[in-house]
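The values are calculated or read from the model by the stated rules, or taken from the named source; none is laboratory data. Not measured: the values here are computed from a predicted model. So basically every Cβ, Gly included, is an ideal-geometry build from the backbone, and we count neighbours across all protein chains shown.
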Amino acid sequence: ERGEYRHYMQKEIFEQPRAVADTLESRIGPHGVLPNIFGVGGDELLAKVRGVHIIACGTSYHAGLVAKYWIEEYARLPVAVEVASEYRYREAVVPADTLFVAISQSGETADTLAAMRESRRRGYLGTLAICNVPESSVVREADLKLMTRAGPEIGVASTKAFTTQLAALALLTLRLAHERGLDETRYLALCEQLQSLPRMIEQALQLEPEIQALAEHFIPRHHALFLGRGVQFPVALEGSLKLKEISYIHAEAYPAGELKHGPLALVDEDMPVVAVAPNGPLLDKLKSNLQEVRARGGELIVFADKAAPMDGNPSRGSVLRVDAGGEFIAPAVFTVPLQLLSYHVAVLRGTDVDQPRNLAKSVTVE
Ligand code: M6R
């Protein structure tokens, strides 16, 4: 039931603190990730992993891209991420002791399932499913599993499935990082940060009225550009997919450093540019990228970390402050305002938010 909410999508956006808390429940504690959360023999298998291949589609693919940044940074293992429809038809090279990870909300996406079946032939150490439906095909056929506990997701646009996938992938990252000798103090600090994620998402949801006001700017637009850097680039990709999917505004995402290699040519006063600006070593670089947009009259909408030193409002556009709660969980927290933005743009444009045209919730055909 939708209850007080206007659409399932809005309800599901607001369910995220609960869904993420449920996904972390009894899997992580004050001393770290708990044993045996990936199923029988999981910890033994994960101890042998020397590399990771992640396969998924759409939003689940974006979760995989975030995990690449995490696993490479904290566990120092090489990670390749690919959309399932490409992976299944090419001869991927599989180095020894590589783990195959399939990410899927439904567990019935035809391409993801086919890719997983194909992986059997390619000599992986084992397969892990990160999935929201326990009785699904992807889960049944995987060696190891870590269920997201988002509950049923009705809106075609994936929201709570994505943030719970990030929570599950964060657990995988921490398990691998610990195994690979990450400094104990740092490990425990990251565990603590992850446990604060439901609270930080709750805070980000409070931005709804401001975001709703911002959404008005998008009503007459035909295009939008999303920018991020580092681990926030996949968040920008996810933000642009959400906007396309439910508001039918053409949106593209770029790692901000690529701007001057082409897309800057598109920027004029009719092009809103949405940027995710967390605090961190790349902030100054991002700021100079945003300066390039400003100089061309583009309207800037910046979601900036509370801790990030940013000047006040740009001449055209706005800066919204988000408390990211730390570098590790920041991509999950910054996702929330972007979901709210797409949602309110779509509502204002009067589209069918929960059932966007031409799309199905679960893509069970190729
Ligand atoms: O069920 P899955 O996670 O395998 O679905 C993958 C994509 O079809 C899905 O994420 C799709 O991109 C969503 N509609 C995005 O909001």
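Could you list, in sequence order, the residues of the range 148-166 that are among the aliphatic types (A, V, I, L, M), outside any loop (DSSP other than H, G, I, E, B) and either within 12 Å of the ligand (Cβ to nearest atom) or within 26 Å of Gly3 (Cα to Cα) (or both)? Within the range 148-166, just Ala161 meets the criteria. The single condition among (1) in contact with a Pro (Cβ under 7 Å, 6 or more places away or on another chain); (2) within 28 Å of Ser158 (Cβ to Cβ) that Arg294 does not satisfy is (2).
Could you check Arg221 against (1) under 18 Å from the mean Cα position of the chain (by Cα); (2) of a type outside the set (Phe, Trp, Tyr); (3) crowded, with 18+ Cβ neighbours inside 10 Å; (4) more than 16 Å from the ligand (Cβ to nearest atom) and say which number it fails? With respect to (1) under 18 Å from the mean Cα position of the chain (by Cα); (2) of a type outside the set (Phe, Trp, Tyr); (3) crowded, with 18+ Cβ neighbours inside 10 Å; (4) more than 16 Å from the ligand (Cβ to nearest atom), Arg221 is out only on (1). In this entry, Ile54 is excluded by the filter for residues that are touching a strand residue (DSSP E or B) at 6+ places or on another chain (Cβ under 8 Å), crowded, with 24+ Cβ neighbours inside 10 Å and farther than 17 Å from Ala115 by Cβ. State yes or no: is Asn279 of a type outside the set (Lys, Arg), assigned to a helix (DSSP H, G or I) and touching a residue at least 40 places away in the same chain (Cβ under 8 Å)? Answer is no for this residue.
Select, from Pro263, Pro281, Pro309, the only residue that is modelled with pLDDT of 90 or more, over 19 Å from Glu210 (Cα atoms) and out of contact with any Pro (no Cβ under 7 Å at 6 or more places or on another chain). First the steps, then the outcome.
Details: Pro281 fails: modelled with pLDDT of 90 or more; Pro309 fails: modelled with pLDDT of 90 or more.
Going through Pro263, Pro281, Pro309 in turn, just one is modelled with pLDDT of 90 or more, over 19 Å from Glu210 (Cα atoms) and out of contact with any Pro (no Cβ under 7 Å at 6 or more places or on another chain): Pro263.
Taking the stated definitions as given, is Glu12 within 20 Å of the chain's Cα centre (by Cα), within 14 Å of the ligand (Cβ to nearest atom) and not aliphatic (A, V, I, L, M)? Yes: the conditions hold for Glu12. Filtered by the rule that a residue be surrounded by fewer than 22 Cβ atoms within 10 Å (Cβ to Cβ), under 21 Å from Leu359 (Cβ atoms) and in contact with a Pro (Cβ under 8 Å, 6 or more places away or on another chain), the range 137-175 gives a lone residue, Val156. In this structure, is Thr364 in contact (Cβ under 8 Å) with a residue 40 or more places away in the chain, within 16 Å of the ligand (Cβ to nearest atom) and closer than 15 Å to Val231 by Cα? Against the criterion (in contact (Cβ under 8 Å) with a residue 40 or more places away in the chain, within 16 Å of the ligand (Cβ to nearest atom) and closer than 15 Å to Val231 by Cα), Thr364 does not qualify. Can Leu65 be described as in contact with a strand residue (DSSP E or B) (Cβ under 6 Å, 6 or more places away or on another chain) and touching a residue at least 60 places away in the same chain (Cβ under 8 Å)? Spelling it out, Leu65 is indeed in contact with a strand residue (DSSP E or B) (Cβ under 6 Å, 6 or more places away or on another chain) and touching a residue at least 60 places away in the same chain (Cβ under 8 Å).
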